[in-house]
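S.K.: For reference, the structure I am asking about is given below.
The values are calculated or read from the model by the stated rules, or taken from the named source; none is laboratory data. In this text the structure is predicted, and so the values were computed from the model without any measurement. Ideal geometry is used to build each Cβ from the backbone, glycine not excepted, and the neighbour counts take in all protein chains shown. To get the accessible areas, we keep the full protein, side chains included, count just its heavy atoms, and leave off ligands, DNA and RNA. Shrake-Rupley method; radii C 1.70, N 1.55, O 1.52, S 1.80 Å.
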Amino acid sequence: MLRLYLVLLLTLIGFTTARAQSLEKAREDSLIEALLARMTLEEKLGQLTLYNGGLAQTGPVVMTADPDAVRRGRVGAVMNLFGAEATCALQRQAVEESRLGIPLLFALDVIHGFRTIFPVPLAEAATFDPQLAEQTARVAALEASAAGLHWTFAPMVDIARDARWGRIVEGSGEDPYLGSLMAAARVRGFQGKDLREPSTIMACAKHFVAYGGAEGGRDYNTVDLSERTLREVYLPPFEAAVRAGALSVMSAFNEIGGIPASADRRLLTDVLRGEWGFEGLVVSDYTAIWELLFHGIAADSAEAGRKALVAGVDMDMVSGIYVHKLAEEVRSGRLPEAVVDEAVRRVLRVKYRLGLFEDPYRYCRDPERERRLLLAAEHRRLAREVATKAIVLLKNEGNLLPLADTLRTLAVIGALATDSASVLGPWAATGRPGEAVTILEGLRAALPQTRVLYAPGYPEAPPGGFQEIVATALSPDTSRFAEAVAVAAQADVVLLVLGEHRELSGEAASRASVALPGAQEALARRILATGKPVVVVLMNGRPLAIPYLAEAAPAILETWFLGSEMGNAVADVLLGRASPGGRLPVSFPRATGQEPLYYNHKPTGRPPRAEEKYTSKYLDVHWSPLYPFGYGLTYTTFAYRNLRLSSSRLGLQDTLRLTVEVTNTGTRAGEEVVQLYVRDEAASVTRPVRELKGFQRVALAPGETKTVTFELPVEALRFWGLENRWVVEPGWFTLQVGPSSAEGLEARFEVLAQSTIRSR
Ligand code: NOJ
């Protein structure tokens, strides 16, 4: 009886919710249609236009809005303008002085924090902890929304397999599974449960798609890849973002096999909207519509605009082409007005879902909230915690780390140790270098009893534009080596801070060599020759090729760009107050020539074998990575035992359950990231040598053992089959459970009977 009652109650709740949702949808539709009916063609095209509010730019300004554009209804959204007062003032123009009073959207690249800066996304991926990424995105949204923003151009969910590509720093690395979990977590963090809440902002999954596949790792370059790789590697994080509710997507700069992504109707409309049911708004990347001219698929800007809109790009980021050129296209009959209307509906829909028609000032009306939230103490605390978890210990010979806090003299060598701008990393929104803790500052604060000496060793970044900074970072200048060696000679331990200035990383920051820049390796040789114990602290936004350090330095810590609390977090880990918790979300090469380098590569017909000449390898460098994907040490050690499978024969609908015992065999507490990889041994198409299918972070006290359980649905073994659809094929699979992609316990299981399964 009680059960019946419960079932009825749940049905009633379900029914009421569904009814409320459909009423809400009807309200949304009727508002949109009523507005659309009143709009002139120019006002419609205005809604499809995003202009620069005048601050940071990442490309040319090809057309600027005239000062009266907002009042005349020729602008739908504004980027790079923020602050409660500034956004409210412009919103007032749109709402009170334009004919239809449609509110503006305010957008900014809030990539890893707004004013409190968190670790760069690649570093956050190294935590292998999507919940942390969700939390930092939530705080970024709190701060950004308090500054009047509605929309962030994040998360960047591009898979990056080539370390030369500077933008590898902005994403979650090379793996689609980790990348998908991180993408969804960040969307949830930015958007919260209800976008109407003024503390949430709309996410934008970018750059759709395969932008990270640029030939030669050169930014903005051509991409050419198979449908299978697109489906299995580059699209999944976008699908995950969309399924997590991302309400906008950015179309990319690159072409894929002859079709620029910003004019690709199959991807933007058939896949994104048709297959995945995406209801939100597609915005072009910065001048990407104008760039269709340079790609050579449009004879003039009107044609470029037409092609982008028809493909499914709803909003034109700063090209000004939609608003200036498309009215004529419609009037001449070359572009159906219905296509414009559909895009306008999508723009109005996101404004509706952000609650802007209800209250256009809800994000900006409280300057007090803005003052209170930006750089709040609890935000900094989270930044410090996440930063410690993102640090990856690459080497620790003789347990040189952690350092004792009774050290008498510590020498910090390396200009990056005092570089407060680099600490923040690229894309640091409104983060201020003066509010960030450098490595030297962090150590001095943590070691009040120790004499902490400093010498730059290589040139400090000059004030000035990026060209001067890059030239300095790459300069072979050795003039400060002698001073650095003299300082090192006085110390008990040397911290050698090497890596990249933040200008060597990020957009338009590809490198043809991923070795240490400038004279840094030469400096390292001199410092190591002193015979002092040397801990190398790397600061960088990409995998670096550091074979010499890997060989010669006793300890290496990868610290990326960790944000506002970097110095404190690095000190916490160096001194053992926190344990290094990160694992590599990207493979580190031995030499640049190995790029693109990624763990989930195909086997080839001649897998490399050292003793066989005619196999797939290099003559001068070992084929394997210097440090593999998933790798990272801790201050303790772990052992894996007793891998057990619930069954070694599974049907297509089944879920494999596997357990493994992990023991902390050292003397300190630590966290292990237990990783599960699978290989499909033989299929109708070639399959990667292994693919990540699960991971878990487990904390273990010394001597403690925990049993870790994974559930692996057979459906997760799907791939893009011969007939261009997802399939799981029967046959044998090998799985590997362990501490990285390169080692672990193995077992085999068989999947029985074939079938094609739905995409979801
Ligand atoms: C160009 C970049 O590719 C994109 O990621 C960014 O969101 C826009 N510029 C806007 O700043």
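S.K.: Identify all residues within the stretch 64-107 that are open to solvent by 20 Å² or more (accessible area, probe 1.4 Å), part of a loop (DSSP other than H, G, I, E, B) and within 20 Å of Phe153 (Cβ to Cβ); write none if there are none.
M.R.: Across the stretch 64-107, the qualifying residues are Thr64, Ala65, Leu81, Phe82.
S.K.: Determine if the stretch 106-119 includes at least one residue that is closer than 30 Å to Arg583 by Cβ and among the charged types (D, E, K, R).
M.R.: Yes, some residue in the stretch 106-119 is closer than 30 Å to Arg583 by Cβ and among the charged types (D, E, K, R).
S.K.: Let me ask something else. Output the number of the condition that Ser226 fails; it satisfies all remaining conditions of (1) within 16 Å of the ligand (Cβ to nearest atom); (2) out of contact with any helix residue (DSSP H, G or I) (no Cβ under 7 Å at 6 or more places or on another chain); (3) open to solvent by 10 Å² or more (accessible area, probe 1.4 Å); (4) not charged (D, E, K, R).
M.R.: Only one criterion in (1) within 16 Å of the ligand (Cβ to nearest atom); (2) out of contact with any helix residue (DSSP H, G or I) (no Cβ under 7 Å at 6 or more places or on another chain); (3) open to solvent by 10 Å² or more (accessible area, probe 1.4 Å); (4) not charged (D, E, K, R) is unmet by Ser226, namely (1).
S.K.: Right, something else. Can you tell me which residue within the stretch 591-636, out of those that are of a type in the set (Lys, Arg) and open to solvent by 70 Å² or more (accessible area, probe 1.4 Å), is nearest to the chain's Cα centre (by Cα)?
M.R.: Lys602
S.K.: Can I ask one more? Which one of Tyr211, Tyr220 is open to solvent by less than 20 Å² (accessible area, probe 1.4 Å), within 16 Å of the ligand (Cβ to nearest atom), among the hydroxyl-bearing types (Ser, Thr, Tyr) and under 19 Å from Arg542 (Cβ atoms)?
M.R.: Just a single option satisfies the conditions, and that option is Tyr211.
S.K.: Read through the list (1) touching a helix residue (DSSP H, G or I) at 6+ places or on another chain (Cβ under 6 Å); (2) in the same structural domain as Glu507 (by TED's automatic domain parsing), then give the number of the only condition that Leu410 fails.
M.R.: (1)
S.K.: If Thr559 meets every condition in (1) buried (at least 24 other Cβ atoms within 10 Å of the Cβ); (2) of a type in the set (Val, Ile, Thr); (3) touching a Ser or Thr at 6+ places or on another chain (Cβ under 8 Å) apart from one, which number is that one?
M.R.: Of everything listed in (1) buried (at least 24 other Cβ atoms within 10 Å of the Cβ); (2) of a type in the set (Val, Ile, Thr); (3) touching a Ser or Thr at 6+ places or on another chain (Cβ under 8 Å), Thr559 misses just condition (3).
S.K.: I'd like to verify a number: residues in the stretch 492-545 that are of a type in the set (Ser, Thr, Tyr) and farther than 28 Å from Tyr286 by Cβ, how many?
M.R.: Within the stretch 492-545, residues that are of a type in the set (Ser, Thr, Tyr) and farther than 28 Å from Tyr286 by Cβ number 1.
S.K.: Is it the case that the stretch 41-49 has a residue that's modelled with pLDDT under 65, assigned by TED's automatic domain parsing to the domain that holds Gly83, surrounded by 10 or more Cβ atoms within 10 Å (Cβ to Cβ) and within 16 Å of the ligand (Cβ to nearest atom)?
M.R.: no
S.K.: Now, a different point. Do you know which residues across the stretch 298-334 are open to solvent by 10 Å² or more (accessible area, probe 1.4 Å) and farther than 16 Å from Glu42 by Cβ?
M.R.: Ala298, Ala299, Asp300, Ser301, Glu303, Arg306, Lys307, Val310, Gly333, Arg334 - these are the residues of the stretch 298-334 that are open to solvent by 10 Å² or more (accessible area, probe 1.4 Å) and farther than 16 Å from Glu42 by Cβ.
For every residue, the table says whether it meets (1) of a type in the set (Phe, Trp, Tyr); (2) assigned by TED's automatic domain parsing to the domain that holds Gly721; (3) over 25 Å from Tyr631 (Cα atoms).
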{"residue": "Val157", "(1), (2), (3)": "no, no, no"}
{"residue": "Arg161", "(1), (2), (3)": "no, no, no"}
{"residue": "Ala184", "(1), (2), (3)": "no, no, no"}
{"residue": "His207", "(1), (2), (3)": "no, no, yes"}
{"residue": "Tyr211", "(1), (2), (3)": "yes, no, yes"}
{"residue": "Leu225", "(1), (2), (3)": "no, no, yes"}
{"residue": "Thr229", "(1), (2), (3)": "no, no, no"}
{"residue": "Glu232", "(1), (2), (3)": "no, no, no"}
{"residue": "Gly245", "(1), (2), (3)": "no, no, yes"}
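S.K.: When you check Pro589 against the structure, is it out of contact with any Pro (no Cβ under 7 Å at 6 or more places or on another chain) and either of a type in the set (Asp, Glu) or within 30 Å of Gly442 (Cβ to Cβ) (or both), yes or no?
M.R.: In short, no.
S.K.: When the residues of the stretch 279-297 are filtered to those that are open to solvent by less than 10 Å² (accessible area, probe 1.4 Å) and more than 15 Å from the ligand (Cβ to nearest atom), which remaining residue is farthest from Ala77 (Cα to Cα)?
M.R.: Ranking the qualifying residues of the stretch 279-297, first place goes to Leu292.
S.K.: If you don't mind, there's one more thing I want to ask. Pairs under 7 Å by beta carbon, first residue basic (Lys, Arg) in the stretch 309-330, partner open to solvent by 10 Å² or more (accessible area, probe 1.4 Å) and away from the ligand (no atom under 16 Å from the Cβ), six or more apart or different chains?
M.R.: The qualifying pairs are Lys325/Ser301; Lys325/Ala302.
S.K.: May I ask you to verify whether Phe294 is touching a residue at least 12 places away in the same chain (Cβ under 8 Å) and of a type in the set (A, V, I, L, M, F, W, C)?
M.R.: no
S.K.: For the stretch 350-361, how many residues are open to solvent by 10 Å² or more (accessible area, probe 1.4 Å) and in a loop (DSSP other than H, G, I, E, B)?
M.R.: 5
S.K.: Let me confirm something: among Ala508, Ala491, which residue is of a type in the set (Gly, Ala, Ser), within 14 Å of Ile413 (Cβ to Cβ) and part of a loop (DSSP other than H, G, I, E, B)?
M.R.: Among Ala508, Ala491, only Ala491 is of a type in the set (Gly, Ala, Ser), within 14 Å of Ile413 (Cβ to Cβ) and part of a loop (DSSP other than H, G, I, E, B).
S.K.: Still on this structure, I have one more. Considering every residue within the stretch 712-735, establish whether at least one is under 26 Å from Phe588 (Cβ atoms) and either out of contact with any Leu (no Cβ under 7 Å at 6 or more places or on another chain) or touching a residue at least 60 places away in the same chain (Cβ under 8 Å) (or both).
M.R.: Scanning the stretch 712-735 turns up at least one residue that is under 26 Å from Phe588 (Cβ atoms) and either out of contact with any Leu (no Cβ under 7 Å at 6 or more places or on another chain) or touching a residue at least 60 places away in the same chain (Cβ under 8 Å) (or both).
S.K.: Mind checking whether some residue in the stretch 335-349 is open to solvent by less than 50 Å² (accessible area, probe 1.4 Å) and over 30 Å from Arg92 (Cα atoms)?
M.R.: Yes, that holds for at least one residue.
S.K.: Continuing with this model, one more query. Considering every residue within the stretch 466-480, establish whether at least one is within 16 Å of the ligand (Cβ to nearest atom) and open to solvent by 40 Å² or more (accessible area, probe 1.4 Å).
M.R.: yes
S.K.: Which of the residues belonging to the stretch 676-699 are farther than 22 Å from Val728 by Cα and within 24 Å of the chain's Cα centre (by Cα)?
M.R.: Once the filter is applied, which keeps residues that are farther than 22 Å from Val728 by Cα and within 24 Å of the chain's Cα centre (by Cα), the stretch 676-699 yields Gln696, Arg697, Val698.
S.K.: When Asn221 is evaluated against the numbered criteria (1) of a type in the set (S, T, N, Q); (2) within 28 Å of Gly593 (Cβ to Cβ); (3) touching a Cys at 6+ places or on another chain (Cβ under 9 Å), which criterion, by number, is the only one it fails?
M.R.: Failed condition: (3).
S.K.: Would you list the helices (runs of 4 or more DSSP H) that sit entirely within the stretch 108-192 and hold 2 or more residues that are within 16 Å of the ligand (Cβ to nearest atom) and not aliphatic (A, V, I, L, M)?
M.R.: Those helices (runs of 4 or more DSSP H) span 176-191.
S.K.: Need a quick list: strands (runs of 3 or more DSSP E) entirely within the stretch 373-485 having at least 1 residues that are within 30 Å of Pro739 (Cα to Cα) and out of contact with any Ser or Thr (no Cβ under 8 Å at 6 or more places or on another chain).
M.R.: 392-396
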